[in-house]
Amino acid sequence: MTVKSAARFSLRNISREFMTGAVTGAALLLFVGTAGTAVVKALAHWHGSDAVIDHGLVAALLLNAALIMFGWFRYRALSEELNTLSDAGRHAHALAQRDPLTGFLNRRSLSEDGAALFASTRRRGKAMAMLTIDIDHFKSVNDLHGYAVGDLLLAHVAETIAAIAPSTSLLARLGADEFACTFVFDSAHENVADRIAERMVAGLALPFRTNGFDIHSSVSIGIARSDRDCASVDALLRNADIALHAAKTAGRSRHAWFDTSMERSLQLRGELEAGLRSAIPAQEVVPYFEQQVDLITGLITGFEVLARWEHPTRGMIAPDVFIPIAEETGLIGDLSLSIMRQAFAAARDWDAGLTLSVNVSPLQLRDAWLAQKIIKTLVETGFPASRLEIEITESALFDNLPLAQSIVGSLKNQGIRLALDDFGTGYSSLAHLRALPFDRIKIDRSFVSSILDNPESMAIVNTIVRLGDSLNLPTTAEGIEDAAIEERLRGMGCAKGQGYLYGRPLGAAQVRRLLAEKRLLAQRPDRNVPPPRGIAPRLAG
């Protein structure tokens, strides 16, 4: 029951009992007025006097007594109801201010109490620190262990925060897994907030044991201070949230102080996210093509498909700017399929020996329908499945290897080839080569670019090439930027290469001119090429 509803209920009871009180009061007055006469006559009659008992008066006396007793019991009952309502009102008021799981303030109460503390801090010439604390990957705890264990972790985090925070702090739970801690400090000693944040990060990085098993978690913390670019407690909380986002972006399990550059970066990111949502369907994000060359013959064998955002006002935006945004916002699947569709349509009438390599994001491998979506795009564009190579990084295989195997199996059944990208930079590379039916290994550019001056890189690349030979898996080296590196790779037996030595990535129109010069366009391009044989029946099934 809320405070307002309790008050309305109380008023209704008081109104209802008003008449009961009035009747009881009248009965009490009548009782006092009649009791004396009735008692005197009764006593005289009992002592043998000729006094006659007035039975009507006695009946009135007894009725008044009954009414008085009735009024007393109603008074007692009403008092108990009012006490119950008062307790319910106090409980409802507490619920309106506090989080029931942790006992911390809620967001609204933090705003109200924080505003008073903010004003007091300024009058005293002090500073107010706001820490926003977020549990990293909290959703995975709920998913793996259930919500009951998630609640235990939340309570543990709250207890740890309360134990480390100054005793005068305002502590709040802002959301599902986000907390706040604000306290007053001397503006000349910023390191006080640093030490508290460091202790919280360290303390909450320790395993939390419950139900016989350990839960490993961590927190990220954003910090803002009231005496810098801050006009209210709400602005202070917003600045701390921005700093929290920066801490998470920097790698989590750490703390970061707010500065104005973070706000500008966040605004830019918001603008890019909004622009990306409209740019994908408008096909402003377009495919670029990087040449892949046979290191023995020097001939072009195919192209890796890359994404470029041709922004109408900002110009060309590099993929390392917008791809992370697409992954964080769930747009990466639509973006990837849009790039594939455009690339397949552009390359459909190139020489039949030219292949396209397309990288798939780790997030896309969580989509059980990914293979069907790719095959559907091939069917609709008329691009042969045998000319497509899908590149998967090692990190993409860690989340759900059985699902990745299912997706890859569907692709391989259609004749699509599979390459393991950035080989050597992940873990358990040999196990992954055995787990999935790869057709090619791609050597990461970080090793290739340094083989001339780094013996370790040279040994790694040489080992990968020999491993590929022994497994009958040809290798492609990325990041070839000068002829000396190309010559060394050729001597090792590396099959293909790509990099700026062969030219920068090109747009579709530029690639078409290049291929026309090299006579690598189909002599009679047919834009109504039927679907690759064997694909449509499997899609129908």
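The values are calculated or read from the model by the stated rules, or taken from the named source; none is laboratory data. If you're wondering where the values come from, they're calculated on a predicted model, not measured in any experiment. Positions of Cβ are backbone-derived with ideal geometry, glycine not excepted, and every protein chain shown enters the neighbour counts. These area figures cover heavy atoms from the full protein model, side chains too; ligands, DNA and RNA do not enter into them. Shrake-Rupley method; radii C 1.70, N 1.55, O 1.52, S 1.80 Å.
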Sequence-distant aspartates and glutamates (8 or more away, or on other chains) whose Cα lies within less than 19 Å of K518
E290, D294, E304, D349, D351
Of the accessible area of the range 262-310, computed with a 1.4 Å probe and all protein chains kept, carbon and sulfur make up a percent value of 52
Check R308: other-chain or 5+ apart residues with amide H under 5 Å from its amide H, H built from backbone geometry?
V286, Y288
In the structure displayed, which of K248/K496; K376/K496; K139/K373; K248/K412; K126/K248 lie more than 32 Å apart, Cα to Cα?
K248/K496; K248/K412
Under a 5 Å amide H to amide H cut-off, with H placed in plane at 1.01 Å, what residues pair with A477 once short-range neighbours are removed?
I443, K496, G497, Q498
If we count every other residue with Cβ under 9 angstrom of M316's Cβ, Lys/Arg +1 and Asp/Glu -1, where does the sum land?
+1
Can you tell me the relative contact order of the range 267-370? Whole percent, Cα pairs under 8 Å, sequence separation 6 or more.
28
Treating only the Cβ of Lys, Arg, Asp and Glu as charged (+1, +1, -1, -1), what charge dipole size does the range 168-323 show about its Cα centre? Round to the nearest 20 debye.
380
Rg over Rh [alpha-carbon atoms, Kirkwood Rh] for the range 353-474:
1.00
If each residue of separation counts as 0.36 nm, what is the full-extension length gain between Q97 and D351 once their alpha-carbon separation is subtracted?
84.4 nm
With labels modelled as points extended 7 Å from the Cα through the Cβ direction, what inter-label distance (nm, one decimal) is found for D113 paired with N142?
2.5
Classified through the alpha carbon gyration tensor (a ≥ b ≥ c as square roots of its eigenvalues; rounded if a/c is under 1.5, else prolate when a/b is larger than b/c, else oblate), the range 427-515 comes out oblate
Quick check: residue separation of Q267 and E517 times 0.36 nm, minus the Cα distance between them. What number comes out in nm?
85.5 nm
Would you calculate the volume per residue, in Å³, of the smallest convex hull containing every Cα atom of the range 323-381?
84
The long-range amide H neighbours of R440, using H built 1.01 Å from N in the peptide plane and a cut-off of under 5 Å, are L418, L420
Whole-Hz Karplus ³J(HN,Hα) for the range 496-507, in order, using 6.51 cos²θ - 1.76 cosθ + 1.60 and θ = phi - 60°, x for Gly and Pro?
10, x, 8, x, 5, 4, 9, x, 6, x, 10, x
Quick one: what are the phi-derived ³J(HN,Hα) couplings along the range 404-410, Karplus 6.51/-1.76/1.60 with θ = phi - 60°, whole Hz, x for glycine and proline?
4, 5, 5, 5, 4, x, 5
The range 371-508 accessible area per residue, 1.4 Å probe, protein heavy atoms, integer Å², reads 43
Once you order the gyration tensor axes a ≥ b ≥ c over the Cα atoms, which shape class does the range 256-365 get: rounded for a/c under 1.5, otherwise prolate or oblate by comparing a/b with b/c?
prolate
Starting from the exponent 0.38 and prefactor 2.2 Å, build the expected Rg for the range 192-326 from its residue count and divide its actual Cα Rg by it.
1.55
May I ask you to evaluate 6.51 cos²θ - 1.76 cosθ + 1.60, the Karplus curve with θ = phi - 60°, for each residue of the range 132-143 and list the ³J(HN,Hα) values in order in whole Hz, giving x for glycine and proline?
9, 10, 10, 7, 6, 6, 5, 4, 5, 5, 4, 5
